[in-house]
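The structure's right below; bear with me while I get my questions together.
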Amino acid sequence: MTAADVTLALRPYDQWAPLWVGQVETPGIRLKLVHDAPLVMDFAEHIDIAEISFNRYLLAFSRGDERLVGLPAFVLRGFRHRNFFVRADSTLESLADLRGKRLGSNSWPDTGTMWARAAMRDAGVGVGDVQWVIGTLDDTTPNRPPSPHDAHPPAGAEFLSGSDTLLGLLKDGRIDAVTTAFAPPVILEKGGWLRRLVRNYRAAEADYHRRTGVYPGFHIIAARREYALGYPDRVRAVYAALERSFALWSTKVLKFGEATPWAVEELETMYRDFGADTPPFGTDSPAHRTMLATMCFEQHAQGLVERAADPDRLFAAFNALPQ
């Protein structure tokens, strides 16, 4: 039987390197990888399966939009206590200190931003307990183009205009903190003007995981519904290839983790302390189920949706595909 061509949009994160270099066999399909993953619900016709924003997928799903079939492959995960920034001379030291402050954000509907607000709420600061200021981060970081599926900031949020940027306002003392997806480069400058709000973010994130059982998922894989229903074998082949890639990467790093000084220790930590979250696939693990239930709850609690989605239905269409 001739193998079918399948195009997968996937960013080249380390754990998918075996897939990118052709180390993973994909029986039944000829897999073409493209790195410009759209992260949105509407991806180009030439892309069959794609990495997308988990929050945007869930927002659409919560509103009854089931045009995509999500795969329970959590291809990007992380914590967000580390992603709050203040001036180096700020008196703020914790997420709880944000109550009543002016907090900047450059992307309200992003998954990471949703999890940042979840961390803030876990610290006792509700979405309405801060004054939100929405705008671009700096002169070199454009905001993602808006999508009709996006959630909107709460009433009363301020929107920057003209040449104002969030980092500019923070440096001038016109806002108290900023939360954003990526650490600004100035954070690496010794003696720079910017620092993380939560200085020991690793300890805060480990504590969050111990208390809540949540290791946040950011991105998943999805296929258009008609494609998944028409070619379930291809969709399952991609899922299996991702599982195999993660297993090969884990083995490699445990043996040859020399890319960073302590890469082996980090992987050992993942398997020791995050064993129920690893590997990042499926809905059977209690840890994954906790993460999904928390995400559905947070979307509603943060006012992103009118009704929380049922976490048991998020990947029901994929699980029902013929084996």
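Along the Cα-to-C-beta direction of A276, a point sits 7 Å from the Cα; which residues of segment 186-221 have their amide N less than 15 Å from that point?
Hits in segment 186-221 for A276 at 15 Å: 207-216.
Pick out which of P18, P261, P38 has the largest mean-square fluctuation in a Gaussian network model of the chain, springs linking Cα atoms closer than 10 Å.
Evaluated over the chain, the most mobile residue of the options is P261.
Report the gain in length on full extension from T269 to H46: 0.36 nm times residue separation, minus Cα-Cα distance, nm rounded to one decimal.
Numbers: separation 223, 0.36 × 223 = 80.28 nm, distance 3.92 nm.
Working it through step by step, the gained length comes to 76.4 nm.
So, by mean Cβ neighbours within 10 angstrom, what's the order for 309-315, 112-118 with the highest one leading? Walk me through the intermediate numbers first.
Details: 309-315: 17.7, 112-118: 23.9.
Per-residue Cβ counts within 10 Å, averaged per peptide and sorted highest first, yield 112-118, 309-315.
Here is a further query. According to a simple spin-label model (label point 7 Å from Cα along Cα-to-Cβ), what is the distance in nm between R30 and F256?
Between F256 and R30, the simple spin-label model gives 2.9 nm.
Sticking with this structure for a sec: Of L229, L10, F256, which is farthest along the charge dipole of the chain in the positive direction, counting Lys and Arg as +1 and Asp and Glu as -1 at C-beta?
F256
Rounded to the nearest 500, what is the 222 nm mean residue ellipticity of the chain from helices alone, with -39500 (n - 2.57) per DSSP H run of 4+ residues and division by all residues? Mind showing how you got there, number by number?
On the way: 10 runs with 105 residues, N = 323.
Using -39500 (n - 2.57) per qualifying helix, the result is -9500 deg cm²/dmol.
Same structure again: Given the options F159, T91, V133, identify the residue whose Cα lies farthest towards the positive end of the charge dipole of segment 81-212 (+1 on Cβ of Lys, Arg; -1 on Cβ of Asp, Glu).
Checking the options against the dipole of segment 81-212, the answer is T91.
Please report the spacing between the Cα centers of segment 260-312 and segment 169-187 in Å, no decimals.
27 Å
Follow-up question, since we're still on this one. Please compute, for the alpha-carbon atoms of segment 81-212, the extent along each of the three principal axes and give them in descending order in Å.
39, 36, 24
So, one more: With contacts defined as alpha carbon pairs under 8 Å and 6 or more residues apart, what's the relative contact order of the chain in percent?
With pairs under 8 Å counted, the relative contact order is 26 percent.
Still on this model: Using a Förster distance of 56 Å, how high is the FRET efficiency between R313 and D89, based on the Cβ-Cβ distance and rounded to 0.05? Walk me through the numbers on the way to the answer.
Details: r = 48 Å, r/R0 = 0.87.
About 0.70, to the nearest 0.05.
Say each of E243 and D129 gets a label point 7 Å from the Cα, pointing the same way as Cα to Cβ; how far apart are those two points in nm?
Using points 7 Å along Cα→Cβ, the separation is 4.2 nm.
Can I ask one more? Taking 0.36 nm per residue of separation and subtracting the Cα-Cα distance, what length does fully extending T140 through R121 add? Walk me through the numbers before you get to the answer.
Numbers: separation 19, 0.36 × 19 = 6.84 nm, distance 3.00 nm.
Full extension from T140 to R121 adds 3.8 nm.
Residue by residue through segment 98-108, which ³J(HN,Hα) values in whole Hz follow from phi under the Karplus form 6.51 cos²θ - 1.76 cosθ + 1.60 (θ = phi - 60°), with glycine and proline marked x?
Karplus values, whole Hz, x for Gly and Pro: 6, 4, x, 9, 9, 10, x, 8, 9, 7, 5.
What list of whole percents do you get for P(r) of segment 284-323, with Cα-Cα distances grouped in 5 Å bins up to the one holding the largest distance?
5, 24, 24, 22, 15, 7, 3, 1
Looking only at segment 83-123, which residues have a backbone nitrogen under 13 Å from a spot 7 Å from the Cα of A155 in the C-beta direction?
none
Here's something else I'd like to know. With +1 on each Lys and Arg Cβ and -1 on each Asp and Glu Cβ, how big is the dipole of the chain about its Cα centre, in debye rounded to the nearest 20? Walk me through the intermediate numbers first.
Details: 36 positive and 40 negative charges, 66 e Å.
Taking the Cα centre of the chain as origin, the dipole is about 320 debye.
Stokes-Einstein diffusion coefficient for segment 1-63 at 4 °C in a medium of 1.567 mPa s, Rh from the Kirkwood formula over Cα pairs: what value in µm²/s?
Values: Rh = 12.9 Å.
The calculation lands on 100 µm²/s.
On to the next question. What is the local net charge at R80, summed over the other residues whose Cβ is closer than 9 Å to its Cβ (Lys, Arg +1; Asp, Glu -1)? Before the final figure, lay out each step's value.
On the way: positive: R82, R117; negative: E205.
The answer is +1.
With all pairs of different alpha carbon atoms counted, what Kirkwood hydrodynamic radius in Å does the chain show? Please report the intermediate quantities before stating the final value.
Details: mean 1/r = 0.0480 Å⁻¹.
Across the chain, the inverse of the average 1/r is 20.9 Å.
Determine, from the Cβ-Cβ distance of A4 and D172 and an R0 of 41 Å, the FRET efficiency 1/(1 + (r/R0)^6), rounded to the nearest 0.05.
Details: r = 56 Å, r/R0 = 1.37.
Efficiency for this residue pair is about 0.15.
Sticking with this structure for a sec: Using Cβ contacts closer than 10 Å as the measure, can you line up E51, E298, E226, E268 from fewest to most? Write down the numbers at each step before the final one.
Numbers: E51 26, E298 23, E226 10, E268 14.
The order, fewest Cβ neighbours first, is E226, E268, E298, E51.
Read-outs throughout are calculated quantities, based only on the coordinates presented, and are distinct from any laboratory measurement. The shown structure was predicted, so the numbers you read here are calculated from the model rather than taken from an experiment. Cβ atoms come from the backbone with ideal geometry, glycine included; neighbour counts cover every protein chain shown.
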